[in-house]
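Enquirer: For reference, the structure I am asking about is given below.
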Amino acid sequence: MLRYTFDESLIVITEAANTNDVTFQITVQTEEMRRRLKQVRSYFEDNKDYTDVLFYTQADGTYEVIVRNDSIHPFLIHAFRFQCLKSLQWE
């Protein structure tokens with residue numbers, strides 16, 4: 001299992017596990033972090049699997065991201081790659 005940390009002054013992430021996926025509620029605190037999260041979104045929108053990670057922008061500017069269980073690790077790795085996460089650690 002991968003554990004992650006993030007800088008709460010830049011981004012706040014909560015997650016809820018469902019049967020087939022995990023829903024991440026993401027609030028970005030800075031425009032720089034919004035740009036980084038858009039890079040993650042672009043990566044998954046440009047791949048050939050259209051249902052692996054689904055991004056929804058809410059009216060209040062937060063994001064709901066639904067990630068299939070088999071795509072959680074790639075999602076977290078790319079969030080780390082684009083510096084949305086501070087650390088990743090195997091447990």
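The values are calculated or read from the model by the stated rules, or taken from the named source; none is laboratory data. Note that the structure is a prediction, hence the values are computed from the model and not measured. Quick reminder, even Gly has a Cβ in these numbers, built from the backbone with ideal geometry, and neighbours come from all protein chains shown. For accessibility, only protein heavy atoms count, side chains too; no ligands or nucleic acids. Shrake-Rupley method; radii C 1.70, N 1.55, O 1.52, S 1.80 Å.
Enquirer: Might you let me know whether the range 65-87 holds any residue that is among the aliphatic types (A, V, I, L, M), exposed (fewer than 13 other Cβ atoms within 10 Å of the Cβ) and farther than 15 Å from ARG36 by Cβ? Before you say what the answer is, go through the steps one by one.
Expert: Start the filter on the range 65-87 by keeping residues that are among the aliphatic types (A, V, I, L, M), which leaves 65-67, 72, 76-77, 79, 85.
Filter once more, keeping what is exposed (fewer than 13 other Cβ atoms within 10 Å of the Cβ): none.
Within the range 65-87, none of the residues are among the aliphatic types (A, V, I, L, M), exposed (fewer than 13 other Cβ atoms within 10 Å of the Cβ) and farther than 15 Å from ARG36 by Cβ.
Enquirer: Let me ask you something else. Mind listing whichever residues of the range 8-67 are more than 19 Å from LYS86 (Cβ to Cβ), free of Cβ contacts under 8 Å to residues at least 24 places away in the same chain and part of a loop (DSSP other than H, G, I, E, B)?
Expert: The answer is ASN18, THR19, ASN47, LYS48, ASP49, TYR50, THR51, ASP52, GLN58, ALA59, ASP60.
Enquirer: Of the residues that sit in the range 59-75 and are of a type in the set (D, E, K, R) and within 17 Å of VAL12 (Cβ to Cβ), which one is nearest to the chain's Cα centre (by Cα)? So that I can check it myself, show each step before the final result.
Expert: Pass one, the range 59-75, residues of a type in the set (D, E, K, R): 60, 64, 68, 70.
Adding the requirement that they be within 17 Å of VAL12 (Cβ to Cβ) leaves 60, 64.
Numbers: ASP60: 17, GLU64: 9 Å.
Going through the qualifying residues, I end up with GLU64.
Enquirer: For THR62, only one of the following conditions fails: (1) open to solvent by less than 40 Å² (accessible area, probe 1.4 Å); (2) at pLDDT below 95; (3) of a type in the set (S, T, N, Q). What is its number?
Expert: Unmet condition: (2).
Enquirer: Among the residues of the range 19-29, write down those that are open to solvent by less than 90 Å² (accessible area, probe 1.4 Å) and either out of contact with any helix residue (DSSP H, G or I) (no Cβ under 9 Å at 6 or more places or on another chain) or of a type in the set (A, V, I, L, M, F, W, C) (or both).
Expert: The answer is VAL22, THR23, PHE24, GLN25, ILE26, THR27, VAL28.
Enquirer: Let me ask something else about it. For the range 30-58, name all the residues that are open to solvent by 90 Å² or more (accessible area, probe 1.4 Å) and over 20 Å from LEU10 (Cβ atoms).
Expert: GLU45, ASP46, LYS48, TYR50, TYR56
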